Amino acid sequence: MGLNVADLRRGEKGIIKEFTEDVLPIKLLELGCLPGNIVELVQVAPLRDPIYINVNGSHIAIRREVARQIALEPFSPDE
């Protein structure tokens with residue numbers, strides 16, 4: 001299994017590649033959590049759930065379980 005949002009460390013970024021499950025909360029899609037967009041891990045709660053991400057300028061708190069469903073490809077700022 002490849003990289004997913006739950007694997008990111010604070011400040012790391014990735015490009016959304018696909019969703020591993022067919023069902024993803026519609027609110028995430030409305031907030032810009034779409035393939036091709038860059039996601040950055042902003043903060044992790046003290047008990048490691050939820051996590052706080054930035055996608056297209058939208059700051060979103062999501063459960064780690066949902067974060068594992070968002071597959072990423074590595075982000076390189078040089079590209």
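Just so it is clear, none of the values below were taken in a lab; they were calculated from the coordinates. Bear in mind the structure is a predicted one, so any value in this text is a computation, not a measurement. Note that we place each Cβ from the backbone using ideal geometry, even for glycine, and neighbour counts take in every protein chain shown.
Only one of these is in contact with an Asp or Glu (Cβ under 9 Å, 6 or more places away or on another chain), free of Cβ contacts under 8 Å to residues at least 60 places away in the same chain and within 16 Å of P74 (Cα to Cα): I38, I16. Name it.
I16 is the lone residue from the list that is in contact with an Asp or Glu (Cβ under 9 Å, 6 or more places away or on another chain), free of Cβ contacts under 8 Å to residues at least 60 places away in the same chain and within 16 Å of P74 (Cα to Cα).
Within the stretch 24-63, the set of residues being touching a strand residue (DSSP E or B) at 6+ places or on another chain (Cβ under 6 Å) and not hydrophobic (A, V, I, L, M, F, W, C) comprises G32, P35, N37, E40, Q43, P50, Y52, N54.
Confirm whether N54 is under 9 Å from the mean Cα position of the chain (by Cα) and of a type in the set (S, T, N, Q).
On the way: under 9 Å from the mean Cα position of the chain (by Cα): yes; of a type in the set (S, T, N, Q): yes.
The answer is yes for N54.
Please verify whether G57 is small (G, A, S) and surrounded by 13 or more Cβ atoms within 10 Å (Cβ to Cβ), treating the condition exactly as stated. The answer is no for G57.
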